[in-house]
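See below for the structure under consideration.
The values are calculated or read from the model by the stated rules, or taken from the named source; none is laboratory data. Every value quoted in this text rests on a predicted model; they were computed, and no experiment measured them. Neighbour counts are summed over all protein chains in view; Cβ atoms, including those assigned to glycine, are modelled from backbone coordinates with ideal geometry.
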Amino acid sequence: MNRSTQLISLPSSADQHDHHFHQLVFGLEGETAFELVGHSKEVSIGHGCLVPCSTEHVFSGLGDNRILVVNLPALSDDRQQQERVDQLFDSARYFNCPPQLQLLLRTLSREVESSPDDTLLLEACSNTLLCSLQRQLEHMPLRQMRGPAGRLNLELLDDYLKLHIERRISVTELAGLFCLSSSQFFARFRTETGRTPQEYVHEYRLQAVRRALEMTPAPIAQLAGRFGFCSQSALTRAFSQRFQISPARHRRQHGQELPEDLTKQA
């Protein structure tokens, strides 16, 4: 077969099959359900699964969703590529995507979306994802998810928030980043930081907004969407409560000019 890389959305009705090629699945938006060799799991953003050839699997979409699928031949004339493929697809499994891989995945997905018929581009994208995923799975043991003295690695968490700051981020999603259950992650996070994961994410968003106000003239309504607030008024209310100053006034104090339609809100 010819390899293929494509963006697809799964229907809500379950389907079941196997195929004569290997398959990489990366979650991009929403959630999808997969069942591999008797194990069921939701594949959402930051997660994926490896489906070796001839492995029967069940899959369906859970509401609006989008995944990136890479189909790879089980046999290749390229010896080096064959060795990589054999090592990666030694078994069916689920995996978490570390922030670096998610950034790469987002970039390549945009390329695939813009040029779905460019076979050379699609092959380059599949090779890049194949090599990157293999390296990440081999060289990112769980200890890298821990900081000094076995504490949670907040730098890893911050990298993840930076990638997905524009949307809602659940505790379950963050727990999966550290390979912990939601309850384990919540308890450890609160013990180590003195606040809940939701409070940490909220503070991260507000600090990001404050930096953006000081560095860019982007409209406040645009910043609200960029940093995960449901509206400009929600951002203004949260920002004012946290910093005792409105976003508009804070921007003026730091030398950024306000667009005309927002000056009245100061």
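Identify, please: which residue in segment 159-190 is among the charged types (D, E, K, R) and touching a helix residue (DSSP H, G or I) at 6+ places or on another chain (Cβ under 7 Å) and is, among those, nearest to Gly46 (Cα to Cα)? Outline the logic, then answer.
Of all residues in segment 159-190, those among the charged types (D, E, K, R) come to 159, 162, 166-168, 173, 188, 190.
With the extra rule that they be touching a helix residue (DSSP H, G or I) at 6+ places or on another chain (Cβ under 7 Å), the set shrinks to 159, 166.
Details: Asp159: 12, Glu166: 15 Å.
The selected residue is Asp159.
Check segment 73-89 and report whether any residue there is in contact with a helix residue (DSSP H, G or I) (Cβ under 6 Å, 6 or more places away or on another chain) and of a type outside the set (D, E, K, R).
Taking every residue of segment 73-89 in turn, at least one turns out to be in contact with a helix residue (DSSP H, G or I) (Cβ under 6 Å, 6 or more places away or on another chain) and of a type outside the set (D, E, K, R).
Please determine whether any residue of segment 186-203 is closer than 30 Å to His254 by Cα and among the acidic types (Asp, Glu).
Yes - at least one qualifying residue is present in segment 186-203.
Specify the residue that is nearest to the chain's Cα centre (by Cα); the eligible residues are those in segment 191-225 that are closer than 26 Å to Glu42 by Cα and part of a helix (DSSP H, G or I).
Of all residues in segment 191-225, those closer than 26 Å to Glu42 by Cα come to 196-202.
Add one more test, that the residue is part of a helix (DSSP H, G or I), and what stays is 197-202.
On the way: Pro197: 17, Gln198: 17, Glu199: 20, Tyr200: 18, Val201: 15, His202: 18 Å.
Top of the filtered list is Val201.
Residue by residue through segment 34-51, note down the ones that are surrounded by 21 or more Cβ atoms within 10 Å (Cβ to Cβ), among the β-branched types (Val, Ile, Thr) and free of Cβ contacts under 8 Å to residues at least 60 places away in the same chain.
Of everything in segment 34-51, those that are surrounded by 21 or more Cβ atoms within 10 Å (Cβ to Cβ), among the β-branched types (Val, Ile, Thr) and free of Cβ contacts under 8 Å to residues at least 60 places away in the same chain turn out to be Val43, Val51.
Does Tyr160 satisfy being within 26 Å of Glu29 (Cβ to Cβ), modelled with pLDDT of 95 or more and not assigned by TED's automatic domain parsing to the domain that holds Ala92?
Numbers: within 26 Å of Glu29 (Cβ to Cβ): yes; modelled with pLDDT of 95 or more: no; not assigned by TED's automatic domain parsing to the domain that holds Ala92: yes.
The answer is no for Tyr160.
When the residues of segment 137-157 are filtered to those that are touching a helix residue (DSSP H, G or I) at 6+ places or on another chain (Cβ under 8 Å) and surrounded by fewer than 16 Cβ atoms within 10 Å (Cβ to Cβ), which remaining residue is modelled with the lowest pLDDT? Please lay out each step first, then the result.
Kept after step one, since they are touching a helix residue (DSSP H, G or I) at 6+ places or on another chain (Cβ under 8 Å), are these residues of segment 137-157: 137, 144-145, 147, 151-154, 156-157.
From the residues that got through so far, the ones that are surrounded by fewer than 16 Cβ atoms within 10 Å (Cβ to Cβ) too are 144, 147, 151, 154.
Working: Gln144: 50, Gly147: 59, Arg151: 84, Leu154: 88.
Per the criteria, the residue is Gln144.
If I filter segment 1-38 down to residues being within 21 Å of His164 (Cβ to Cβ) and in contact with a helix residue (DSSP H, G or I) (Cβ under 9 Å, 6 or more places away or on another chain), which single residue comes out as modelled with the lowest pLDDT?
The qualifying residue modelled with the lowest pLDDT is Leu28.
Please verify whether segment 224-239 includes one or more residues that are among the hydroxyl-bearing types (Ser, Thr, Tyr) and at pLDDT below 90.
Filtering segment 224-239 for residues among the hydroxyl-bearing types (Ser, Thr, Tyr) gives 231, 233, 236.
This time we only want the ones that are at pLDDT below 90, so: none.
Looking for residues that are among the hydroxyl-bearing types (Ser, Thr, Tyr) and at pLDDT below 90, one finds none in segment 224-239, hence no.
Within segment 192-218, how many residues turn out to be among the small types (Gly, Ala, Ser) and more than 16 Å from Ile245 (Cα to Cα)?
2
Out of all the residues in segment 117-136, is one or more closer than 30 Å to Arg190 by Cβ and buried (at least 16 other Cβ atoms within 10 Å of the Cβ)? Give the steps one after another, and end with the answer.
The initial filter retains those residues of segment 117-136 that are closer than 30 Å to Arg190 by Cβ, namely 136.
Restricting the remaining residues to those that are buried (at least 16 other Cβ atoms within 10 Å of the Cβ) gives 136.
Checked segment 117-136: at least one residue is closer than 30 Å to Arg190 by Cβ and buried (at least 16 other Cβ atoms within 10 Å of the Cβ).
Residue pairs, Cβ under 9 Å, 6 or more apart or interchain, first in segment 1-25 and farther than 17 Å from Thr128 by Cβ, second at pLDDT below 95 and exposed (fewer than 11 other Cβ atoms within 10 Å of the Cβ). List them.
Sorted first by the residue in segment 1-25, then by its partner, the pairs are Met1/His20; Ser9/Asp64; Ser12/Gly63.
From the set of residues in segment 154-184 that are of a type outside the set (Ser, Thr, Tyr) and touching a Pro at 6+ places or on another chain (Cβ under 7 Å), which is farthest from Gly228 (Cα to Cα)?
Residues of segment 154-184 of a type outside the set (Ser, Thr, Tyr): 154-159, 161-169, 171, 173-180, 184.
Imposing the further condition that a residue be touching a Pro at 6+ places or on another chain (Cβ under 7 Å) reduces the set to 156, 159, 163, 171, 174.
Numbers: Leu156: 19, Asp159: 16, Leu163: 12, Val171: 15, Leu174: 16 Å.
By that ranking, first place goes to Leu156.
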